[in-house]
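Derivation of every value follows stated rules applied to the coordinates shown; laboratory data play no part. Computed from a prediction, not measured in an experiment: that's the story for all the values here. Cβ sites come from the backbone with ideal geometry, for glycine too, and all protein chains shown count toward neighbours.
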Amino acid sequence: MMTRHDCKIASRIWEDTIAEKRLPEALESFVADHLEHCTPCRTEDEWISLYQTKAPELLVPPLDELKRRRRIEDALARAAAETSAAVGTGKTKSPFSAKRVLFGAVAAVVVMGLVLGVLIEDGAAPELARNEEIFQVTKAGPYHGEFLEVSGDVTVRRVPVSQGAALIPGSRISVADGRAVLGLTTKIHLNIESNSEIEVSELGAKGAEITLNFGGVRARVDPTLKPLSFTVSTRAGRVTVSGTEFVVRDEKDRVWVGVFEGSVRVTEPGRRPRAVSAGFGTVLDGTEILTALDEAEAGEVSHEEASHEEVSHLDAKTPVSNRTIPSEPPAPENLLRRAHALRLEGNWRGAAKIYQRLCREYPNSNEAVTSLVSLGQIQLRNLSKPKAALSSFDRYLKKGGQKDLAREALDGKAQAYRAMGKRTQEISVLEQVIAQFPSSVQARRAKERLQTLNADNAL
Amino acid sequence: MAVWNHEKIICVETEKEQLEAEFALTQACACGDDEAMRRLAAMLFDRVRALTYTVAGSGPDSDDYAQIALIEILRAAGSFRGESSLQRFTDRITVRSVIREIKRNKRHRWHLPLDVADEEKIAFKSIENEIHQRQIVIKLSNIIQNLGYKFGVPLQLKLALGYSVQEIAELTDTPYNTIRERLRIGRKRLHRAIAEDPFFSRTHAGEDM
């Protein structure tokens, strides 16, 4: 039987007390008297009291020790990474000095070792193997990851990241509108496309594994990676690679992989692994088979169910029709790709030249407009040409480029003015950044910079 | 003056000593002492998580919010001046951070931890008081979260975390009188929801208890 508690006498008083309104003594004693006699009101009062004392304790789901430790380690690593990135760029005021952060990074490695030591002493041997996975990323060695390039809206668990930030296993990286290039160990470069999300599942001595939740990634793997492995997991299967350049894209109705260099092994649930070699692409749905990437010749498919050992034969096969995989991208895209590659190699001058050529030859293409921001950043940070950088950023803003890169461009403009020593203009641009993108990372930096400038002016 | 020493666990007797020890710990964090940061993070993690779940509900993003808050605390450790307790300081950062994340995340889900059928099964078949208490707390939390950000968050801050109207106004960047009014309306709606909720009606009636 349902009953309804309709008494409103105490309720009105509770409304006043919660709003911190003072009650006359007589009224308080009246309420106390009422609660004594009215069961529903008394019960509600008891429940609320219970809630006040026990809510924070009872509302939290339990977390096992391993996950708890992992989350703490994750937070520590990210706090250190964000701080070091900020210090590295010299733009953010931080409670940590650069020297201290360097010391902290070294200390982190030592502390990880100590924690492992303590675990062993505590007799936590059964958990050691799993814990090792958590800690190994911070050990000295080639098994680390970092953001080599970040532009636009790139976040790790909703926290915006900047270039140089460190990666740890379990990081979920979302690229909304922009791009991110990751370095996983020293031998894997991963370019995450716009509107994509990946998760770094593993990063350690055995190699790296990422999970593509949606969108696309393009990977370039150094052939000397062996015997380490690199795997991209998708909802439709796994793509394992060793020494190659390839792309995996999760579209609405299919997941496909295209290989530009070397070969990859594709493993789909319930099927034998098969190989895809350079110049070919395939859909991971268990039915589609190899199609050529770059030559639109008619022909039948030839490599279905090929085993991993057959990789060497695949290169010799005749390329087939191109029904599913796009053909060689148009020239602006090629130029952009070359510029990115040079940028990754640290060849700034070469990259800048390619970007400039792209802007000159295809001034109205999307690639050219987008590349103006990258060009500006290289000119500013790597070639020490703030005036040229300013011009690049201005051109991007005039062309009304993508909104998300506008904040990068404005931020770059402010830095260019700073490098040129033009304070008034810098302040004006910083104010624009804050006004137009109030919740962005750039706005936070702009506020801090403005504070510094104001403090300097006051002196 | 207390000095942070990671060989020892902070052991204090008076409130002043406690504040000094906390201040020393946060200063060590600000200086990049990794062990101090680790200790601070481990010390605060459960509290930060509890606050996050109280304010943001038990939706799928709450653990992420808690982690963001913890990172902010680690970064802000240097600005702790030791005037109020460390818990008060970190609570404020946590609540502010969680509120900001809720506002930023347009897909934030408050989440209902259990459906009514499950609650009734557990609540009325068990005579263990602790389980029943947990059910009441979860159910009340559900009701408060269902009041939405406007009324739910101030009510949670007031009831579950004991913040004053003034503090809630500061934390949520909302005028004092607006918060008072929201608390008043929220409490009224909470009363009405309790009155109409079958779970509480059955508990009133004492069925199967």
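Between B:R47 and B:N146, what length in nm is gained on full extension when 0.36 nm per residue of separation is reduced by their alpha carbon distance?
So the extension gain works out to 33.3 nm.
Can you tell me the FRET efficiency between A:D394 and A:S201 if r is taken as the Cβ-Cβ distance and R0 is 41 Å, rounded to the nearest 0.05?
Step by step, r from the Cβ atoms, then E = 0.45.
Ranked by Cβ crowding within 10 angstrom, fewest neighbours first, how are A:Y355, B:Y163, B:Y149 ordered?
Final ranking by Cβ density, sparse to dense: B:Y149, B:Y163, A:Y355.
Just want the ordering: A:K8, A:K385, from fewest to most Cβ atoms lying within 10 Å of their own Cβ.
Starting with the residue having the fewest Cβ neighbours, the order is A:K8, A:K385.
If the limit is 28 Å between Cα atoms, which of B:K16/B:K139; A:K8/A:K54; A:K399/B:K103; A:K353/A:K398 go over it?
Check vs 28 Å cut-off fails for B:K16/B:K139; A:K399/B:K103.
In nm, give the distance between the simple-model label positions of A:E431 and A:L453, each being 7 Å from the Cα along the Cα-to-Cβ direction.
Placing both labels 7 Å along Cα→Cβ, they lie 0.9 nm apart.
Can you give the mean number of other chain Cβ atoms that lie within 10 Å of the Cβ atoms in peptide B:67-78?
Rounded to a whole number, the mean comes out at 5.
Among A:K447/B:K158; B:K158/B:K188; A:K422/A:K447, which pairs are too far apart, with a Cα-Cα distance over 20 Å?
A:K447/B:K158
Between A:L27 and A:K387, what is the spin-label point distance in nm, taking each point 7 Å from the Cα along the Cα→C-beta axis?
The modelled label-to-label distance comes out at 7.4 nm.
Express in nm, to one decimal, how much length is gained between A:H37 and A:R338 on full extension, taking 0.36 nm for each residue of separation and deducting their alpha carbon distance.
This chain segment gains 100.2 nm when fully extended.
Averaged across A:13-19, how many Cβ atoms of other chains sit within 10 Å of each residue's Cβ atom?
6
Over all residues in B:22-29, what is the mean tally of Cβ atoms on other chains that come within 10 Å of each residue's Cβ?
1
Order by neighbour count: A:M112, A:M420, fewest other Cβ atoms within 10 Å first, most last.
A:M420, A:M112
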